[in-house]
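The values are calculated or read from the model by the stated rules, or taken from the named source; none is laboratory data. Worth saying up front: this structure is predicted, and the values here are computed from it rather than measured. All Cβ positions, glycine included, derive from the backbone under ideal geometry; neighbour counts span all protein chains shown.
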Amino acid sequence: MQFKVVCINDKDRPDGIPINRWVKKYEIYTVIEVSRLMMQGGMLGFKLAEINIDDCYPYQYFAASRFYPLLPKKDAWVEETLDRLLEEIKEEEKIQIL
């Protein structure tokens, strides 16, 4: 399942990702894959259609917390799934802060 997101945080780019392949605040991207990032404590990560960082190991995904989903009004299933993902992200951020 693909969905659109808007970048809300483009700060703290890792040195291993070139500037020309980094997300930009307020830009819209298409999420093509969602995964748990075990090396980062199990946080959620997004692969984007617009930016390929597969060769930037260990950075293979962008942290989901950098984005906010753009919800289609007519698809309740997508909205419900994204709401669940957002809740997981919020919980992960609480755990990391503690």
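Quick notes on this one:
- Entry remark, segment 1-56: residues being surrounded by 16 or more Cβ atoms within 10 Å (Cβ to Cβ) and among the small types (Gly, Ala, Ser) number 1 in total.
- Ile28 of a type in the set (Val, Ile, Thr), in contact with a strand residue (DSSP E or B) (Cβ under 8 Å, 6 or more places away or on another chain) and modelled with pLDDT under 80: no
- Those strands (runs of 3 or more DSSP E) lying entirely in segment 1-74 with at least 1 residues farther than 15 Å from Ile89 by Cβ and among the basic types (Lys, Arg): 3-7, 43-48
- Condition met for Phe62 (over 14 Å from Gln2 (Cα atoms), within 14 Å of the chain's Cα centre (by Cα), modelled with pLDDT of 80 or more and not charged (D, E, K, R)): yes
- Hey, Val23 β-branched (Val, Ile, Thr), touching an Asp or Glu at 6+ places or on another chain (Cβ under 9 Å) and in contact (Cβ under 8 Å) with a residue 40 or more places away in the chain or not: yes
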